[in-house]
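Please read the structure below before turning to the comments.
Please treat every number below as a calculation from the coordinates, not as lab data. Note that the coordinates shown come from a computational prediction; the quantities given were computed from them, not determined experimentally. For neighbour counting, all protein chains shown are included, and Cβ atoms are generated from backbone atoms with ideal geometry for every residue, glycine included.
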Amino acid sequence: LLGDSVKVDGVTYPTDSLTNISPRVLSKVGQNLHREHGNPLYLIRKRIENYFYKNFVNRRGNPIFSIYDNISPVVTLEQNFDSLLVPEAHVSRAPSESYYINSDYMLRAHTSAHQRDLIRSGLNAFLVIGDVYRRDAIDATHYPVFHQVEGVRLFSQNELFTKVRDSTNLSIFETEGKRMPDKQEDHSMEAAKLLEHSLKNTLMGLALHLFGRDTEARWVDAYFPFTHPSWELEIKHQGEWLEVLGCGVVEQKILQSAGIQDQVGWAFGLGLERLAMKLYSIPDIRLFWSKDSGFLSQFDVSDPDTPIRYKPISVYPQCINDISFWLPASTDTAFCVNDFYELVRNIGGDLVEQVYLIDEFFHPKKQRASHCYRIVYRHLERTLTQEEVNVIHAKIEEEAKRLFRVEVR
Ligand code: PHE
C-alpha cells in the first residue's frame, strides 16, 4: 500500500487522491468466506442456490439460473455506479462510504456492479455471490466486508406472457408511455404487473424456504436508482421486522446499454451475514471470520438444510476505554466519523467490538468541537487484559493526533 501503488487481488494499481483502501480491508480480499465449506455463509448460499436450482428449470429439466461466485471484487467506478444509473451526486459515491483503490477502481460496494456486464454477455438468469465492501459504523452487525447474493432474471414477451390466455394483442413495451409509481415509461402495465408478480413470488418462496413456511413477511416500497418499481422484503423474526432484501424491475435503460432490445427483467440483492445471524443465532458479525474450530465445526454439515443453533463457545469479558478530543479548528481538514472508525479498525482489528460517539459538543469561546468515543474491546476467543488494551488504545490516540490533528483531552 505504501508509496504510490497498491496491489489488490494480484494486480498493481497506482494510487491517487481518492485512494482510501486500508491494509486491513485489503487482507480480506481473496478470503472468499462464501466458498469456504464449514462457514455458515457457505451453508446459506447453498440453501439459496438449491432453491433456485430446484424451482426454476427449463423444459429439459436443467436449471435456468447460472451461478457466478468467483468474480473479482475489484470493479471500476463505472461498473459500481454509472452502469447502474447512480446519479453523480448520490450519497453512495462519497469517499466516506466506499473503499477506493484510485479514481478508476474500487472494491465493489454491491454485487449489482456486475449486472450490466453479465447481461451483456448473453445471460438471461443468473446469481452472483461475492464479498462487498463498505465503510460503516462498528458494532455487532456491521463489518467493512460482507457478502451478497444478486439475482437477475430476464423475460422475452413470449416468456412473460406464457400463462396469459389470449395475449395476441399484448406487448411488453409501450411507446410514449409515462413513468408511474408502479411502472416504467417503456413498459406496458401488463408487463409491469407480471414482472412484479414473478419477482414477488420468487422471493417470497425463497424467504419461506429459508425461514420456514409459517414465517410472516411483508413488502415495503423502496427506491434504488437501478430498478423501478422497487421493494424491500421484511420478515418477522422473534417479534421484530427484519429487512432481508432489496429488489425491483430492472431499469430498461440498463438493459438497453447491455444491448437488450426485446426483454424485460427483475433483479434482487440480499446480504448473507444478516440472514445467517438470524437463522443460526450468531450474535456477532466478526465470528464469520473466526478460524476457531469451536465456531466452524458447528457449521460443518453435509446437508445445508440441517437446523443449527449456534452455541457460544464462551463469552469473554469486555474492556471499555473512552477517548475524547478537540477537533482541529473548523477551517482545517474536514474530520469524518468513518475515517475515525477506520483508524480504530486498522489498529484494533477484530479486538474492537463496538465504537460509538457518546458525547459531542461545541465550545463557543474556543470555536472548536469536541468528540468523545467509547471503544469496546473484546477478544472472541480469550480474555483480554486491561494492560494489553491500554497499549492498543494509546496507539489509537497517537494515530488520531497524527492523522486528524486532534487534541486528545
Ligand atoms: N444493490 C442493492 C443493495 O446493495 C440491492 C438491490 C439489488 C436492489 C438488485 C435492487 C436490485 O442494497
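At-a-glance table
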item	result
Simple spin-label estimate for ASN55 and GLU78 in nanometres, 7 Å along Cα-Cβ	3.7 nm
GLU398 paired with THR12, simple spin-label distance in nm, labels 7 Å along Cα-to-beta-carbon	3.0 nm
Rg over Rh [alpha-carbon atoms, Kirkwood Rh] for the stretch 1-68	1.23
Calculated P(r) of the chain - Cα pairs past 35 Å, %	35 percent
Fewest-first sequence of CYS247, CYS336 by Cβ atoms within 10 Å of each Cβ	CYS336, CYS247
Whether the stretch 172-239 is rounded, prolate or oblate, judged on the alpha carbon gyration tensor where a/c under 1.5 counts as rounded	prolate
The chain - percent relative contact order, Cα under 8 Å, separation 6 or more	15 percent
Relative exposure of MET106, MET180, judged by other C-beta atoms within 10 Å (fewest first)	MET180, MET106
Length-normalised contact order of the stretch 1-62 in % [C-alpha pairs under 8 Å, at least 6 apart]	17 percent
Cα gyration tensor shape for the stretch 213-352, rounded if a/c is under 1.5, else prolate or oblate	oblate
Cα-based reach from LYS311 at 23 Å (exclusive), listing lysines while leaving out same-chain residues under 8 positions away	LYS46, LYS236, LYS278, LYS291
Under 29 Å from the Cα of LYS163 - lysines, other chains or at least 8 residues apart	LYS54, LYS178, LYS183, LYS193, LYS200, LYS253
Contact order normalised by residue count of the stretch 64-197, Cα under 8 Å, 6+ apart, percent	20 percent
Full-extension gain in nm, SER324 to ASN169, via 0.36 nm per residue minus C-alpha separation	48.8 nm
Protection proxy ranking, peptides 58-69, 185-196, average beta carbon neighbours within 10 Å, highest first	185-196, 58-69
Cα centroid separation - the stretch 158-173 against the stretch 253-300, whole Å	34 Å
Antiparallel bridges, percent of DSSP beta bridges restricted to the chain (to nearest 5)	95 percent
Enclosed volume per residue, in Å³, of the convex hull spanned by Cα atoms of the stretch 321-365	88 Å³
Kirkwood estimate for the stretch 132-172, i.e. one over the average of 1/r between Cα atoms, Å	14.3 Å
Least to most buried among HIS37, HIS147 (fewest other Cβ within 10 Å first)	HIS37, HIS147
In nm, spacing of pseudo-spin labels at THR215 and PHE362 (7 Å Cα→C-beta vector)	4.5 nm
Nearby aspartates and glutamates by direct alpha-carbon distance to LYS7 (threshold 19 angstrom, same-chain neighbours under 8 apart not counted)	ASP16, ASP104, ASP131
